[in-house]
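Reviewing the structure listed below.
No lab work stands behind these numbers, since they all come straight from the coordinates. What you see is a predicted model, and the numbers here were worked out from it, not measured in a lab. Virtual Cβ from ideal backbone geometry, glycine too; neighbours counted across all protein chains shown.
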């Protein structure tokens, strides 16, 4: 039995339109971070001229992962800018010369597993659904039997993967086929909500020639798009830390398309489709945005910022997103920019109703975690670090308390080993 809640979608206005393009920012800001790791070796200095695709930084430690320039131009500064996790991150500020001069990357015709991994790593292909985990690490597993394409987008408002899959169906199916061939994967499933009837029709028109790729319809519930929930729904299995323990690799649609462009053209990940929407946006759009642009610039150019006064900007969707500054940097792992009015309901005191416990997909007790923020041992007992940050506890709370934020704080404290 599928577990979750049916939420209002607020998706129709954006998913029925073609992808718009914003690719000419005057400046880009390249965050020196990967998977919340800011221990980055900086490879450029002020005054350097960089090409599109050039490595401007590299993650240290066991995971060697490059951070790339998305334009050609001159490094003019290093500044702190708002990142999708709500914190400010050091960025390389590059003045765009609009010439799009790129690193010369030779296209490889015959791709074996080792070459495949190198292409993903060199082109900075990462998980584009939020975590930003380097994709080559997933495929480094010795044996992969199953490939699962997450096209669910169960969170309200977000439709970036929907329109990308609808407009680039052939390319995405070709990419899945290439990935399966290179990695000798036996089967692939594309998970789509059964309510996305139009998208299912489009897929079914193309998929007949790809005999090893199947469509799996899933219920319109939240958070079924969460990796653990989806694997349980599709394969009726669970894992400890990573799906690769079960020989499964999960990618979302945006990541698959980035892999396609890397394999076909040796193209680095320099742009992505982002949903710009919200309850005060009259004409929401999915926009192909140059990574490193600011939300302010995109909104002003594409939506008309002068018409959107006194708003809150959220990096991500309404359930898992983070309240942010308007100068939020658009990154490869940012799916949505939510523009909402400021009429949020203020919380009252906890009613001890237990609804947050009932809806938690990982069976935590959010209210007890909230009440134990100053007791590290208790937080560990309550396993606050297992929180997936889905936001259902806040959504269901009749007192309108920001329960998710309390649990996220507890999770962060445990991960830092902080004594309180």
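Quick notes on this one:
- Pairwise centroid distance, computed over Cα atoms, of the range 1-26 with the range 99-176, Å: 20 Å
- Normalised by the number of residues in the chain, the average gap of Cα pairs under 8 Å and 6 or more apart makes the relative contact order 18 percent.
- Net length gained if the chain between residue 349 and residue 205 were fully extended (0.36 nm per residue, minus Cα distance): 46.6 nm
- Antiparallel bridges, percent of DSSP beta bridges restricted to the chain (to nearest 5): 65 percent
- Sum of -39500 (n - 2.57) over DSSP H runs of 4+, divided by residues of the chain (222 nm, nearest 500): -7500 deg cm²/dmol
- The alpha carbon convex hull volume per residue for the chain rounds to 145 Å³.
- Residue exposure sequence - 87, 171 - by fewest surrounding Cβ within 10 Å: 87, 171
- Tensor-based shape of the range 355-416 (alpha-carbon gyration tensor, a/c under 1.5 rounded, otherwise prolate or oblate): prolate
- Neighbour counting of Cβ atoms within 10 Å sorts the residues 163, 92, 38, fewest neighbours leading, into 38, 163, 92.
- Among 177, 37, the ranking by other beta carbons within 10 Å of each residue's beta carbon, starting with the fewest, stands as 37, 177.
- Using a cutoff of 8 angstrom between alpha carbon atoms and counting only pairs six or more residues apart, the relative contact order for the range 278-420 works out to 21 percent.
- Most mobile of 241, 264, 400 in a GNM of the chain (Cα contacts under 10 Å): 241
- Contact order normalised by residue count of the range 81-192, Cα under 8 Å, 6+ apart, percent: 24 percent
- Of every Cα-Cα pair in the range 113-265, the percent that sits beyond 24 Å: 26 percent
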